[in-house]
1. Among the listed residues Phe74, Phe61, identify the single one that is over 21 Å from Ala89 (Cβ atoms) and of a type in the set (Phe, Trp, Tyr).
2. Of the residues Asn54, Asn29, Asn10, which single one is at pLDDT 95 or above and in contact with a helix residue (DSSP H, G or I) (Cβ under 8 Å, 6 or more places away or on another chain)?
3. In the range 1-22, which residue that is free of Cβ contacts under 8 Å to residues at least 60 places away in the same chain and in contact with a Cys (Cβ under 9 Å, 6 or more places away or on another chain) is farthest from Gln135 (Cα to Cα)?
4. Is there a residue being surrounded by fewer than 16 Cβ atoms within 10 Å (Cβ to Cβ) and under 26 Å from His43 (Cα atoms) anywhere in the range 99-112?
5. Give the residues of the range 19-49 that are among the small types (Gly, Ala, Ser) and either touching a Gly at 6+ places or on another chain (Cβ under 6 Å) or part of a loop (DSSP other than H, G, I, E, B) (or both), sorted by residue number.
6. Can you run down the residue pairs with Cβ atoms below 9 Å, 6 or more apart or on separate chains, where the first is in the range 99-114 and part of a helix (DSSP H, G or I) and the partner is among the basic types (Lys, Arg) and surrounded by fewer than 19 Cβ atoms within 10 Å (Cβ to Cβ)?
7. Taking into account only those residues within the range 79-98 that are small (Gly, Ala, Ser) and assigned to a helix (DSSP H, G or I), which is surrounded by the fewest Cβ atoms within 10 Å (Cβ to Cβ)?
8. Quick one: Tyr76 ticks every box in (1) of a type in the set (Phe, Trp, Tyr); (2) within 15 Å of Val6 (Cβ to Cβ); (3) free of Cβ contacts under 8 Å to residues at least 40 places away in the same chain; (4) surrounded by fewer than 19 Cβ atoms within 10 Å (Cβ to Cβ) except a single one, so which number is it?
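The values are calculated or read from the model by the stated rules, or taken from the named source; none is laboratory data. Everything quoted here is computed from the prediction, not taken from an experiment. Cβ placement follows ideal geometry from the backbone for every residue including glycine, while neighbour counts extend to all protein chains displayed.
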Amino acid sequence: MKLLFVCLGNICRSPTAHAVFRQLAAAENFRCEVESAGTSASHKGAAPDPRSINAASDYNFKGIQSRPVQSADFAYYDLILAMDLENLAALKRRCPPEQQHKLKLLMSYHPDFARQQEVPDPYYGGIRGFELVLQMIQTSCEQLLVSLQQQAQLGKK
C-alpha cells in the first residue's frame, strides 16, 4: 500500500500526517510506503514547519521535505489523502479520470467527519492550532490504519 498525504505547501499538515502514519504503521508492522506533497510548489525542498515538529515531538520527521504533487503520483499511489476541500479540488482538477477513486479527505476516516471535514491550516495561527491539527491527524490516521488493516485481512481470505 502506497499513501500520499497532501496539503497546500507540504510544510505543516501533510508532513505531520506523513510522520504520524509512518510511525503508527511501523508500530503495527503494517507494510506501506508513506509520502507527503503539496498542491503548491512554494516551499519545495523546505523542511517541515518547526511549529509542526514541536507540536508533534513524539513523531520522527526525519527525511521529510516539501515537494509538489507530480503527475506520476496519481498512478503511483494507492491512496491520496487531502487535508481540506480546496486541496482535494486541486487534486481532482489534475488527476486523470481513471485515478480519481484514489482521492479522499483524510478526515473521512475521523469519527467526527460529519461535523468536521477538513484539517484546518495552522500556518498563520499559534501553537494551539498546531496541537489541534495534530489531534485531528492522529485520530484520522489511527482509523485509516484500522481500515487498511481490515482491507488487507479481507484480501488475504
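1. Phe61
2. The conditions single out Asn54.
3. Arg22
4. yes
5. Passing the criteria: Gly38, Ser40, Ala41, Ser42, Gly45, Ala46, Ala47.
6. Gln100/Lys92
7. Ala89
8. If we test Tyr76 against (1) of a type in the set (Phe, Trp, Tyr); (2) within 15 Å of Val6 (Cβ to Cβ); (3) free of Cβ contacts under 8 Å to residues at least 40 places away in the same chain; (4) surrounded by fewer than 19 Cβ atoms within 10 Å (Cβ to Cβ), just (3) comes out false.
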